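Inspection log for the structure reproduced underneath, given as structure tokens.
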Amino acid sequence: MAIEITMPALSPTMEKGTLAKWLVKEGDNVESGDVIAEIETDKATMEVESIDDGVVAKILVPEGTDDVPVGQLIAVLAEEGEDVADVDAAPSHAAVVPTPAQEEAEVPVKETAVSVVSVAVADPAVPEGTNMVKLTVREALRDAMAEEMRKDGDVFVMGEEVAEYQGAYKVTQGLLDEFGPERVIDTPITEHGFAGLGAGAAFAGLKPVIEFMTFNFAMQAIDHIINSAAKTRYMSGGLVQCPIVFRGPNGAASRVGAQHSQNYASWYANVPGLKVIAPYDAADSKGLLKAAILDPNPVVFLENELMYGESFEVPELDDYVLPIGKARIFREGADVTIVSYSITVGEALKAADKLAEEGISAEVIDLRTIRPLDIETVIESVKKTNRCVVAEEGWPQCSVASDVSAQLMEQAFDWLDAPVTRVNSVDVPLPYANNLEKAAVVSADDIIRAAKAVCYAE
Amino acid sequence: MTTKKSTKKTTAPARRRTKQPAQYNASNDELVEFYEQMLLIRRFEEKAGQMYGMGLIGGFCHLYIGQEAVVVGIQTALKDGDSVITGYREHGHMIAAGSDPKAVMAELTGRSGGCSRGKGGSMHMFDPERGFYGGHGIVGAQVSLGTGLAFAAKYRKTDNVGVAYFGDGAANQGQVYESFNMARIWNLPVIYIIENNQYAMGTSVNRSSSEIELHRRGESFRIPGKQVDGMNVLEVRAAMDEAVKHCRDGNGPFILEMKTYRYRGHSMSDPAKYRSKEEVQKMRAEHDAIDQIKERILDAKILDEAGLKEIDKKVKAVVAEAATFAQECPEPALSELYTDVLA
Ligand SMILES: Cc1ncc(C[n+]2csc(CCOP(=O)(O)OP(=O)(O)O)c2C)c(N)n1
Ligand SMILES: [Mg+2]
């Protein structure tokens with residue numbers, strides 16, 4: 001069989017090129033690896049190597065020819081033992097066209113919005129008579145980790161100051177005593193490194209809980225969260241999994257300035273392959289952190305420093321696990337829907353109280369999970385109230401609020417009586433001065449103003 | 001910026017390089033096996049290059065031609081349960097780990113029969129059943145990830161080791177040193193294989209590195225390192241045996257710097273203007289890993305030319321079969337677009 005040499009593609013984008021020079025002539029012997037020609041692309045002059053042994057039987061495109069399309073036959077080699085004269089220069093096959101997939105007919109409709117839709121799941125019923133205990137968010141988070149660590153030896157906690165110091169914000173208090181230094185691990189200050197180490201351990205089937213002292217420092221590690229943890233399952237066609245939780249405080253704390261105060265919810269929520277959770281109260285913190293640890297996917301779990309010390313009722317149950325991807329209607333109302341998550345839920349509830357005094361009945365929805373986003377619950381609420389305000393302590397552009405309002409515009413347009421309104425932090429790096437900081441973050445008053453505006457109340 | 005190439009070379013002697021480096025005492029069968037494996041990788045890569053030229057393979061495609069002795073020497077020293085991870089120049093690593101060349105080639109062509117079902121491509125291949133964890137496109141990422149795989153081996157109290165391969169260019173990433181530090185303080189069974197092929201795209205080690213003796217990069221972390229002739233599979237294997245023993249015995253991480261060379265451009269679209277043809281030709285002529293082992297086999301009369309030819313034929317057939325499979329296999333079903341995002 002003669003060996004056909006075609007005009008090679010020499011870059012991801014090349015379609016044609018100039019055959020600048022032949023370095024062999026008809027009758028020459030070539031070995032695999034010999035340079036046989038030079039080709040000019042729009043970017044560079046490249047050498048073409050023979051990948052077979054043989055004798056050059058025919059050169060079909062003379063040197064100096066411009067615009068030779070990729071795939072065109074340019075020469076033919078006679079294989080060892082083959083007579084050069086017998087070689088037929090006619091191309092034996094056209095350029096290879098990939099075989100299309102069999103089921104081309106049933107092309108699924110392109111889903112541009114999140115393809116992993118949250119299923120209709122409800123919070124587990126808390127049996128009547130269940131004892132409720134008052135816990136801080138901090139304790140609830142610690143209990144969630146401790147309970148899962150007791151059940152599963154593959155779960156371990158790693159981060160800066162998580163063990164001997166008991167946590168920079170004391171969230172991991174007591175874990176070292178109970179589980180020992182092999183499962184509660186103090187790291188050096190190397191976010192990039194230990195996030196990657198955690199992802200690698202998760203590839204091997206362990207279930208790391210990686211604490212970032214705050215999510216501001218996870219910027220050093222975001223490459224592993226996104227490129228390694230979130231994408232590997234897909235890139236491996238499902239062969240490699242990454243059951244890992246990245247957790248820590250997120251968003252503004254109190255007067256720590258711009259570098260320590262950012263909300264990353266919308267950053268992570270943009271990424272397929274991740275789940276993103278941002279709870280408000282203690283019960284949700286516990287139930288959702290347990291769910292995050294149990295989940296076989298990488299989960300970004302965004303806490304809030306200002307909430308750690310707040311106390312809430314938590315059902316005293318052996319295994320209180322909440323569904324990921326389910327929003328919670330915190331307060332029912334009829335006139336306007338206020339959507340929020342994390343610390344801002346508190347502001348939304350305050351706003352609802354005040355609005356009630358003025359005769360406006362607000363429904364408050366806590367998203368709890370940012371990805372997958374439970375837009376159904378929001379839509380159902382908007383169908384009832386016909387108005388929506390989305391409040392979020394974070395910058396406005398490309399925010400979670402932007403996304404909720406875009407989805408409402410697409411999916412609930414006919415039910416809206418006013419534009420969906422975003423209430424975000426002021427679009428500046430967070431300032432230090434007490435008065436400026438207060439003015440920058442979202443307050444109940446901001447939410448009230450927006451709610452009144454969409455209700456066309458003065 | 002100007003570089004002080006000449007002074008660097010003279011002031012940085014290869015301190016740990018012994019005069020008479022140990023050679024692995026291979027049996028006749030092993031010598032033939034090494035030859036066959038290296039040849040398979042080379043022929044596979046040549047075929048991949050050709051198929052790229054035919055437009056059958058898209059995107060970036062980084063060939064391993066020239067470096068075959070490294071992966072064959074390293075992989076043959078491992079046992080079940082050991083983990084391996086590397087960057088985007090990983091077709092050879094997949095094959096050496098025992099993956100089916102058909103699945104590797106079909107991944108290159110983006111077909112349903114590819115090892116990642118066509119969703120990973122040239123730079124993202126995985127075979128966790130054989131301990132191979134990718135195939136990563138971010139330079140240096142595999143070093144932290146591989147340290148994590150070794151962490152898991154230790155956490156589970158096995159005597160398995162983790163191998164993290166990376167390039168001379170990757171050796172300048174910060175996370176490499178974060179990983180070295182953690183591996184040392186936690187005594188992790190990880191072997192760092194620096195495949196020093198002397199270039200990171202167009203930047204030579206001399207231009208990019210303050211310490212070009214890369215095996216010394218672990219010194220301030222108290223990690224032992226060794227420089228190895230990466231063109232000699234028997235030296236690679238001997239050094240790896242030592243590193244593996246060190247790790248399995250619970251002595252923590254080890255660094256092996258493999259002095260090697262890639263014959264082709266960085267990727268298919270690299271005209272390689274940063275080095276001379278003579279430099280490449282000299283390496284091929286004087287240090288080629290496959291030629292070296294071939295000579296050894298002939299000298300020791302383990303096989304004659306005809307015997308070697310038989311192996312060549314066998315290898316060619318495997319590669320041809322892979323190439324055919326990779327072209328005939330259908331593209332992934334469109335419904336695959338939405339699968340494997342989440343578990
Ligand atoms: C973080 C990052 N930066 C840059 C690149 C682009 N890039 C891909 S390979 C490469 C050179 C790496 O060289 P080296 O580590 O020596 O490995 P080799 O290609 O020689 O095997 C660069 C700069 C990348 N993929 N990732
Ligand atoms: Mg290199």
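The values are calculated or read from the model by the stated rules, or taken from the named source; none is laboratory data. Worth saying up front: this structure is predicted, and the values here are computed from it rather than measured. Reconstructed Cβ throughout: ideal geometry from the backbone, glycine too, with neighbour counts over all protein chains shown. To get the accessible areas, we keep the full protein, side chains included, count just its heavy atoms, and leave off ligands, DNA and RNA. Shrake-Rupley method; radii C 1.70, N 1.55, O 1.52, S 1.80 Å.
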Placing +1 on each Lys and Arg Cβ and -1 on each Asp and Glu Cβ in the protein assembly as shown, then taking the dipole about the Cα centre, the residue among A:SER285, A:SER261, A:SER340 whose Cα reaches farthest towards the positive end is A:SER261
Among A:ASN250, A:ALA439, A:ILE36, the residue whose Cα sits farthest towards the positive end of the charge dipole of chain A, when +1 is placed on the Cβ of each Lys and Arg and -1 on the Cβ of each Asp and Glu, is A:ALA439
Between the Cα axis of helix A:344-357 and the main Cα principal axis of chain A, the angle (0 to 90°, nearest 10) is 50 degrees
Set A:LYS231/B:LYS294; A:LYS16/B:LYS47; A:LYS16/B:LYS316; A:LYS151/A:LYS438, cut-off 32 Å on Cα-Cα distance; pairs above it are A:LYS231/B:LYS294; A:LYS151/A:LYS438
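Counting protein heavy atoms only and a 1.4 angstrom probe, how many square angstrom of accessible surface do chains B and A bury in total, to the nearest 100?
5700 Å²
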Taking the alpha-carbon centre of each part, the distance from the stretch A:351-404 to the stretch A:309-343 in Å is 13 Å
Ignoring ligands and nucleic acids, A:ASP403 exposes an accessible area, probe 1.4 Å, in Å² to the nearest 10, of 70 Å²
Expressed as a whole-number percentage, the relative contact order of chain B with C-alpha contacts under 8 angstrom and at least six residues apart is 24 percent
On the formula 1/(1 + (r/R0)^6), with r taken between the Cβ atoms of B:ARG275 and A:ALA85 and R0 of 41 Å, the FRET efficiency rounded to 0.05 is 0.55
Given pairs B:LYS102/B:LYS314; A:LYS286/A:LYS383; B:LYS277/B:LYS314; A:LYS134/A:LYS170; A:LYS170/A:LYS326 and cut-off 22 Å on Cα-Cα distance, the over-length ones are A:LYS286/A:LYS383; B:LYS277/B:LYS314; A:LYS170/A:LYS326
With +1 at each Lys and Arg Cβ and -1 at each Asp and Glu Cβ, the charge dipole magnitude of the stretch B:102-259 around its Cα centre, to the nearest 20 debye, comes out at 460 debye
Calc'd 3J(HN,Hα), the stretch A:57-67, phi into Karplus 6.51 cos²θ - 1.76 cosθ + 1.60 (θ = phi - 60°), Hz, glycine/Pro = x, comes to 8, 9, 10, 9, 10, x, 5, x, 6, 8, 6
Helix A:282-294 sits off the longest principal axis of the Cα atoms of chain A, rounded to the nearest 10 on a 0 to 90 degree scale, by 30 degrees
Result row for chain B, helices from DSSP H with C-alpha axial extent 20 Å or more and mean Kyte hydropathy at least -0.5, is B:141-155, B:233-248, B:305-328
Magnitude of the Cβ-charge dipole (Lys and Arg +1, Asp and Glu -1) of chain B about the Cα centre, nearest 20 debye, reported as 1280 debye
per DSSP, antiparallel bridges as share of beta bridges in the protein assembly as shown, % nearest 5, sits at 40 percent
With the 1.4 Å probe rolled over protein heavy atoms, chain B has an accessible area per residue in Å² of 39 Å²
Once B:MET268, B:MET258, B:MET201, A:MET132 are ranked on solvent-accessible area with the largest value leading and a 1.4 Å probe, the list reads B:MET201, A:MET132, B:MET268, B:MET258
In terms of the alpha carbon gyration tensor, root eigenvalues a ≥ b ≥ c, rounded if a/c is under 1.5 and otherwise prolate when a/b exceeds b/c or oblate, the protein assembly as shown is prolate
The size of the Cβ-based charge dipole (Lys, Arg +1; Asp, Glu -1) of the stretch A:172-223 about the Cα centre, to the nearest 20 debye, is 160 debye
Looking at the stretch A:48-86, residues buried by 40 Å² or more relative to their chain on its own, accessible surface at probe 1.4 Å, turn out to be A:GLU49, A:ILE51
Rounded to the nearest Å, the spacing of the alpha-carbon centers of the stretch B:57-132 and the stretch A:229-290 is 31 Å
Of every hundred units of 1.4 Å-probe accessible area on the stretch B:28-325, the number belonging to carbon and sulfur atoms, as a percent, is 49 percent
For the stretch A:123-254, the charge dipole (Cβ of Lys, Arg +1; Cβ of Asp, Glu -1; about the Cα centre) points to a positive end, and the Cα of A:VAL162, A:ALA199, A:MET132 closest to that extreme belongs to A:ALA199
The distance between the Cα centres of the stretch B:290-331 and the stretch B:184-228, in whole Å, is 33 Å
